[in-house]
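First the structure, in the form of structure tokens, and then the observations on it.
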Amino acid sequence: MRRRDGIAPSPRSSSAQRAARAARFAAEAEAAAAAKRRNGDGAFKDKRALKRQRKHMAYGDAIVGTSAALEKDFFRLTSQVDPSTVRPLAVLKRALAHVKAKWAAEEDYAFACEQLKSIRQDLTVQSIEDGFAAHVYATHARVALESGDLGEYNQCQTRLLELTQAGIASDCAEEFSAYRVLYALVKSEPGGVASALRRVDPSLLRGFSGVRGGRGGSDGGEDNGDGDEVNGGDDEDVKPVHHALGVVRAVHRDDYASFFRLYKAAPGMSGFLMDYLVSRMRRLPPPGGPGGGWGGVFLGSRPLGLQTT
């Protein structure tokens, strides 16, 4: 997992990186189009095939894969699954480790996305719904988030929520509860944030007391609910859900200073979701007051997340 190391734009935001990412997405789109041409109306057929597969499994005909392949192209299902093309759980665990290692070394999103979707499909057709399945969806969600693919990220976080609600234990429940709140804030859909908060375990909300200080952050910090202020530093010190709640409050109050302090202190992958909110906050007018302008509120341009010399 890449960690954010400060408030200034990171190297992943450079024009060269954006161009490389666009090229990877173009390759992925071409691969998806080719798969669609091979399989026809893929999404509809995929759902029908999975429905037929689950019907067979309901009558005791559960699939157990026999393939030993670490890499496997993703194709939408158009017929009943052949067990010889499906990898069993032990092989899927090795396949995931293989994909994670290649992603860490090469950051080839087209490859990682296809392989992770293929692993997810093999889990689905074998009705494997356990902690490993949750780990696969969490891994794919993080990779998609880091690569700017919000559509794939949302599919993964939705399925991860379903597994959690079904009682599947996961070590990332709090992490993704925070991401769902931030994702809802990014999408700006009516009632989206409230809906995301209703799905958060109430125990994760306890102790949050919100922003300390009004617009402009006069006392210099964000209360994380335990009397500590979020001013930056190590992201392990920040509770993810409390951090997300602080971001929601800062955005709704147009609290520029608190937002960018929270941006600097973003735990886990939260900063990648906050990236989508930065331009929205920068376009806001400067705080009011005698004389207007930014004087006395910001030190230079740093609270705006801009590089300084």
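Brief remarks on what is shown
- Residue within the range 196-208 that is over 30 Å from Gly65 (Cα atoms), modelled with pLDDT under 90 and assigned to a strand (DSSP E or B) present: no
- Helices (runs of 4 or more DSSP H) enclosed by the range 62-161 - at least 3 residues per element that are under 30 Å from Ser195 (Cβ atoms): 109-125, 131-146
- In the condition set (1) of a type outside the set (Val, Ile, Thr); (2) crowded, with 23+ Cβ neighbours inside 10 Å; (3) more than 13 Å from Leu70 (Cβ to Cβ), Gln115 is compliant with all but (3).
- Taking the criterion of being open to solvent by 40 Å² or more (accessible area, probe 1.4 Å) and not in a loop (DSSP other than H, G, I, E, B), the residues of the range 174-195 that qualify are Glu174, Lys187, Ala194.
- Residue match in the range 160-167 (condition: small (Gly, Ala, Ser) and modelled with pLDDT of 95 or more): no
- Helices (runs of 4 or more DSSP H) (entirely within the range 232-309) containing at least 1 residues that are buried (at least 19 other Cβ atoms within 10 Å of the Cβ) and at pLDDT below 90: 256-264
- Test: residue in the range 240-250 that is over 27 Å from Ala141 (Cβ atoms) and of a type in the set (D, E, K, R): no
- Sole exception among (1) on the phi > 0 side of the Ramachandran plot; (2) at pLDDT 95 or above for Gly227, by number: (2)
- Matching entry among Ser170, Ser147, Ser127 (being of a type outside the set (A, V, I, L, M) and within 23 Å of Met274 (Cα to Cα)): Ser147
The values are calculated or read from the model by the stated rules, or taken from the named source; none is laboratory data. On a predicted model such as this, the values are computed, not experimentally measured, just so you know. Reconstructed Cβ throughout: ideal geometry from the backbone, glycine too, with neighbour counts over all protein chains shown. The protein model used for the area step is the full one, side chains on, heavy atoms only, and it has no ligands, DNA or RNA in it. Shrake-Rupley method; radii C 1.70, N 1.55, O 1.52, S 1.80 Å.
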